[in-house]
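Written out below as structure tokens is the structure these notes cover.
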Amino acid sequence: MAKILAGVGTSHVPAIGAAIDLGKTQEPYWQPIFAGYEKSKQWLKEVDPDVVILVYNDHATAFALDVVPTFALGIADEYQPADEGWGPRPVPVVKGHSELSRHLGTSLIFDHFDMTIVNEMAVDHGLTVPLSLMCGQPEAWPFKVVPLCVNVVQYPPPTGARCFDLGKAIRKAVEAFDEDLKVVIFGTGGMSHQLHGERAGMINREWDNKFLDDLSADPQRLTQIPHVEYIRETGAEGVETVMWLIMRGALNEQVEEVHRHYHVPGSNTAVGHIILENR
Amino acid sequence: MAKILAGVGTSHVPAIGAAIDLGKTQEPYWQPIFAGYEKSKQWLKEVDPDVVILVYNDHATAFALDVVPTFALGIADEYQPADEGWGPRPVPVVKGHSELSRHLGTSLIFDHFDMTIVNEMAVDHGLTVPLSLMCGQPEAWPFKVVPLCVNVVQYPPPTGARCFDLGKAIRKAVEAFDEDLKVVIFGTGGMSHQLHGERAGMINREWDNKFLDDLSADPQRLTQIPHVEYIRETGAEGVETVMWLIMRGALNEQVEEVHRHYHVPGSNTAVGHIILENR
Amino acid sequence: MVTTKHDYDDIPGTYVFDFDKSHDGYHLNMFCMSLLKAENRKAFLADEAGYLQQFPMTQEQRQAVMDRDWLRMIQLGGNIYYTSKIGATDGRSFQYIAGKMCGMSQEDYAKMMLNGGRPADGNRSKSEWEGEKANG
Amino acid sequence: MVTTKHDYDDIPGTYVFDFDKSHDGYHLNMFCMSLLKAENRKAFLADEAGYLQQFPMTQEQRQAVMDRDWLRMIQLGGNIYYTSKIGATDGRSFQYIAGKMCGMSQEDYAKMMLNGGRPADGNRSKSEWEGEKANG
Ligand SMILES: [Fe+3]
Ligand SMILES: [Fe+3]
């Protein structure tokens, strides 16, 4: 039987990907960000998952405004790193676990989640930066990926409660999958960021850290945070942190926080990161 | 306040569109099909809706297999009739009610329906044939349209229960819209059809008519019909009749059947049609 | 490859287009989708084998297309809403294709439909078909 | 046009990209999307006004693009993930655009970020901004 062992929350700032690709990780600006992922890389090597379910959002790359799915689940055998305007990132192709994806898609639709099913899609920094942060620069990614792409660009994104429930349904589906697989789920995006308007650059360290605290202490509170609070307190684009609740919903009620990292700035945003193990 | 007055169920066979466009409606093969819509055209003129919410499916036209949304809601100002391979149907452009659509989209996402939002989309026979059947060949369609496109091509479609609940959420949203609008909702597609394989051409008149009976008599039973029963009893593509349950869910518990029409064959399928008024 | 059992496996002469079929037939169906454009239809008819090489389909799928083996296309992951675009390119009616898939001439198929279609009785499960043909 | 009130209307310096904004900014944003391709970036830079004519945007939107008025683009329905593609086409960093939108030089903006970013205190509601500038 497949089993979800742990959840990872992490920002997916594009500039972090550029810093890695250009070999700048030891520069003074970037070093403190990457230092916070050293333990995580080791941890992930030890857990050695077969599959990562990677919750992220696309940033005007694979999807434009013509068709905007709330939840898009990839069921392909592989996903090419996208050309976001200056050539694709020099990272390995992302191998899918199509059988698990198809099983998830069927199970979720019967559980009344109105999934958009994607047979072919390029993946942008939202998906590949978390892989780089957690795995470094390997020849090939050390696990297969099930991409779950969430709309957080065109308001309204799904509510926190809906995201949490989707996580629960994902867990149920994974546990019904008839193959021994070690699965880790990533929730990505956030934390504080306002990327536009006269309020650009807003950061709310206190709010972000309370959110990180309550991922283990009181996730139910987090599911009740309305979008307007994310926007007001952490910036308009900070609402994408809602994706972490899909990750959290897929874990046990009780989890252990085994690592946390928080740093400002990562370009225009706060960089937040957490690892939660089921116990 | 906007209000849903009635629901219409109808097949959307492409050959019916061709028969209209080629002026064949009085030919012996087609005449009995169109005769069943004479009363309907009159009825619709009398109801004179401002907006029709048109539930249909796309048939490998606007959507292919790369990205398959379960529920796609159009929020555009207009929708062009699609070129399905032999030029667009010679019918008027479909004018949207963008404000109502946007209101519906927001309300549905907050009500935990994971809508795909569509800003631009061509509409195929699934949407335009019901318009032709119900309105004939006017210079311009006499109402605005909110298109709701449902995946029934790639299994699994949404369940009947989910469709019914979506109908209820649509009704709630319509009734909260701050403008006096008369709204009618169409559920289209079906009834019996198996379009592929060695069992092509299967028709189940008895099952179809029981379904039509229970739209007013026992809609709850219909919401519990599993996909396998639609497929077994009415043909693999007959499962698209599930879309009628979105229409039914948007109506009162008690409805009056004011018209029914059933004819075999319409090309490869049964042609079913019903009009239900709220009371 | 995990082989899942489905509640619809027992239905005869029916190939439910689920995610497994969609996965296997993806490039075959996307080839069909390309035929929505007139210039592609022309290019396909002018050089079928060459045109099909653009799509990473299996050779078996390409052969089924060139043979116009409508049933085989479905068995190999084709979806009828897609494969019927090949029929349209050939100028064939949908009833022609439907007839071919169930081993009937277009005339016999059309007659069956005029007589009320293929009955559900006798066509609900594979056991009803064992040793006999589809009940038309 | 129905004007709806939103719970986020009171947040200062913030243009929530809701369906109304998305509707009004659709063609502006789809123009930006076209800049993902190198040949389109080249064509745009070679003849901005001509290139923009391909897209059914408002003249005001076209002018905001040609003026590189980053804040105005947002006010006219642009989304930052889209309009930043114009910045990338110009070879400008994201921080340059961000600074422009809040009336700061790139250097000052970068310094603000290094010092922990713009605080939430004083920037939560429009009433806090009345009569004064954004609290940076
Ligand atoms: Fe993001
Ligand atoms: Fe249909």
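Structure data summary
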| quantity | calculated |
| --- | --- |
| Boolean, B:Asn151 is within 15 Å of ligand 2 (Cβ to nearest atom), over 21 Å from B:Leu251 (Cβ atoms) and among the polar types (S, T, N, Q) | yes |
| Qualifying residue in the range A:236-246 (condition: within 14 Å of another protein chain (Cβ to nearest Cβ), in contact with a Gly (Cβ under 8 Å, 6 or more places away or on another chain) and outside any helix (DSSP H, G or I)) | no |
| Residue tally, condition away from chain D (no Cβ under 11 Å) and within 16 Å of ligand 1 (Cβ to nearest atom), over the range A:247-279 | 4 |
| Candidates B:Ala169, B:Ala173 - the one that is more than 14 Å from chain C (Cβ to nearest Cβ) and either in a loop (DSSP other than H, G, I, E, B) or under 18 Å from the mean Cα position of the chain (by Cα) (or both) | B:Ala169 |
| C:Gly91 vs. criteria more than 7 Å from chain B (Cβ to nearest Cβ), out of contact with any Leu (no Cβ under 6 Å at 6 or more places or on another chain) and at positive phi | yes |
| Any hit, the range B:91-111, residues being among the aromatic types (Phe, Trp, Tyr) and within 26 Å of C:Asn40 (Cβ to Cβ) | no |
| So D:Met112, is it more than 16 Å from the chain's Cα centre (by Cα) and modelled with pLDDT under 95 | no |
| Members of the range D:50-75 that are closer than 12 Å to D:Phe17 by Cβ and either among the small types (Gly, Ala, Ser) or touching a Gly at 6+ places or on another chain (Cβ under 8 Å) (or both) | D:Ile74 |
| Which listed residue is surrounded by fewer than 19 Cβ atoms within 10 Å (Cβ to Cβ) and at the interface with chain B (Cβ under 8 Å from one of its Cβ atoms), from C:Asp24, C:Asp7 | C:Asp7 |
| Selection count, the range A:105-123, where residues are within 30 Å of B:Cys163 (Cα to Cα) and either at the interface with chain C (Cβ under 8 Å from one of its Cβ atoms) or β-branched (Val, Ile, Thr) (or both) | 8 |
| Residue in the range D:53-73 that is within 14 Å of the chain's Cα centre (by Cα), aromatic (Phe, Trp, Tyr) and buried (at least 21 other Cβ atoms within 10 Å of the Cβ) present | yes |
| Candidates B:Gly85, B:Gly74, B:Gly136 - the one that is of a type in the set (Gly, Ala, Ser) and within 23 Å of B:Asp180 (Cα to Cα) | B:Gly74 |
| Elements of type helices (runs of 4 or more DSSP H) in the range C:1-105, at least 1 residues being under 30 Å from B:Glu229 (Cβ atoms) and modelled with pLDDT of 95 or more | C:19-24, C:26-34, C:70-75, C:80-90, C:94-101 |
| Every residue from the range B:221-266 that is crowded, with 24+ Cβ neighbours inside 10 Å and either among the basic types (Lys, Arg) or over 23 Å from B:Ile170 (Cα atoms) (or both) | B:Tyr230, B:Arg232, B:Thr234, B:Gly235, B:Ala236, B:Glu237, B:Gly238, B:Arg248, B:Pro265 |
| Matching residues, the range A:37-87, being of a type in the set (Ser, Thr, Tyr) and under 10 Å from A:Pro147 (Cα atoms) | A:Tyr56, A:Tyr79 |
| Options B:Gly126, B:Gly74, B:Gly96; residue that is within 12 Å of chain D (Cβ to nearest Cβ) and either in contact (Cβ under 8 Å) with a residue 60 or more places away in the chain or charged (D, E, K, R) (or both) | B:Gly74 |
| Residue identified as farther than 26 Å from B:Ala18 by Cβ and either among the hydrophobic types (A, V, I, L, M, F, W, C) or in contact with a Phe, Trp or Tyr (Cβ under 6 Å, 6 or more places away or on another chain) (or both) among B:Met134, B:Met115 | B:Met115 |
| Selection count, the range B:154-170, where residues are more than 16 Å from ligand 2 (Cβ to nearest atom) and in contact with a Lys or Arg (Cβ under 9 Å, 6 or more places away or on another chain) | 2 |
| Residue pairs meeting the criteria (Cβ under 9 Å; at least 6 apart or on separate chains; first in contact (Cβ under 8 Å) with a residue 60 or more places away in the chain, in the range C:83-111; second hydroxyl-bearing (Ser, Thr, Tyr)) | C:Cys102/C:Tyr109 |
| Residue identified as touching a residue at least 40 places away in the same chain (Cβ under 8 Å) and of a type in the set (D, E, K, R) among A:Arg162, A:Arg171, A:Arg102 | A:Arg171 |
| Test: A:Arg260 is touching a residue at least 12 places away in the same chain (Cβ under 8 Å) and closer than 19 Å to A:Gly36 by Cβ | yes |
| Among (1) within 14 Å of chain C (Cβ to nearest Cβ); (2) touching a Phe, Trp or Tyr at 6+ places or on another chain (Cβ under 6 Å); (3) surrounded by fewer than 19 Cβ atoms within 10 Å (Cβ to Cβ) - the single one A:Arg102 does not satisfy | (3) |
| Qualifying residues in the range B:184-198 (those that are on the phi < 0 side of the Ramachandran plot and within 14 Å of the chain's Cα centre (by Cα)) - the one farthest from ligand 2 (Cβ to nearest atom) | B:Val184 |
| Failed item, numbered, when A:Ala60 is tested on (1) within 14 Å of chain C (Cβ to nearest Cβ); (2) over 16 Å from the mean Cα position of the chain (by Cα) | (1) |
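Matching residues to (1) more than 16 Å from ligand 1 (Cβ to nearest atom); (2) under 16 Å from B:Gly266 (Cβ atoms); (3) without any contact (Cβ under 8 Å) to a residue 60 or more places away in the chain:
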{"residue": "B:Ala6", "(1), (2), (3)": "yes, no, no"}
{"residue": "B:Lys24", "(1), (2), (3)": "yes, yes, yes"}
{"residue": "B:Pro32", "(1), (2), (3)": "yes, yes, no"}
{"residue": "B:Leu44", "(1), (2), (3)": "yes, no, no"}
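Per-residue answers, yes or no, for (1) basic (Lys, Arg); (2) more than 11 Å from chain C (Cβ to nearest Cβ); (3) within 16 Å of ligand 1 (Cβ to nearest atom); (4) over 15 Å from B:Ile53 (Cα atoms):
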residue: B:Leu133; (1), (2), (3), (4): no, yes, no, yes
residue: B:Val152; (1), (2), (3), (4): no, no, no, yes
residue: B:Cys163; (1), (2), (3), (4): no, yes, no, no
residue: B:Glu179; (1), (2), (3), (4): no, yes, no, yes
residue: B:Gly187; (1), (2), (3), (4): no, yes, no, no
residue: B:Ala200; (1), (2), (3), (4): no, no, no, yes
residue: B:Asn204; (1), (2), (3), (4): no, no, no, yes
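The values are calculated or read from the model by the stated rules, or taken from the named source; none is laboratory data. All values derive from a computational prediction rather than experimental measurement. Using ideal geometry, Cβ is built from the backbone for each residue, glycine included, and neighbour counts are taken over all protein chains shown.
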